[in-house]
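The values are calculated or read from the model by the stated rules, or taken from the named source; none is laboratory data. Everything numeric in this text was worked out from a predicted model, so none of it was measured. Here the Cβ positions follow ideal geometry from the backbone for every residue, glycine too, while neighbour counts run over all protein chains shown.
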Amino acid sequence: MTVDPLVSVEWLKDHLGDPQVRAVDVRWYLTEPHRGRADYDAAHLPGAVFMDIDGDLAAPRGQGPGRHPLPVQP
């Protein structure tokens, strides 16, 4: 199954039980760097995993085209 990484709420609701679908929570707050993880720990979609934008998704400082070089769709 090939799906865009960003989907609608309706699509996700219909596919949460699909073993080929994984919801990823990437909450991030500029002035509160640890709040995203805390909010995830407090409540998240069933089966969702947390990825930290700074620790898991961004290139190390000085090794990317910007501070948070997330993948972009062509």
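What are the residues in segment 17-55 that are part of a loop (DSSP other than H, G, I, E, B), hydrophobic (A, V, I, L, M, F, W, C) and surrounded by 13 or more Cβ atoms within 10 Å (Cβ to Cβ), if any?
21, 23, 26, 28, 45, 48, 51
Looking only at segment 1-16, which residues are outside any helix (DSSP H, G or I), under 16 Å from the mean Cα position of the chain (by Cα) and hydrophobic (A, V, I, L, M, F, W, C)?
Those that are outside any helix (DSSP H, G or I), under 16 Å from the mean Cα position of the chain (by Cα) and hydrophobic (A, V, I, L, M, F, W, C): 3, 6, 7, 16.
So the check is Cβ under 6 Å with 6+ separation or different chains; which pairs have a first residue in segment 4-24 that's under 17 Å from residue 50 (Cβ atoms) and a second one that's at pLDDT 90 or above?
21/15; 23/45; 23/48; 24/49; 24/51
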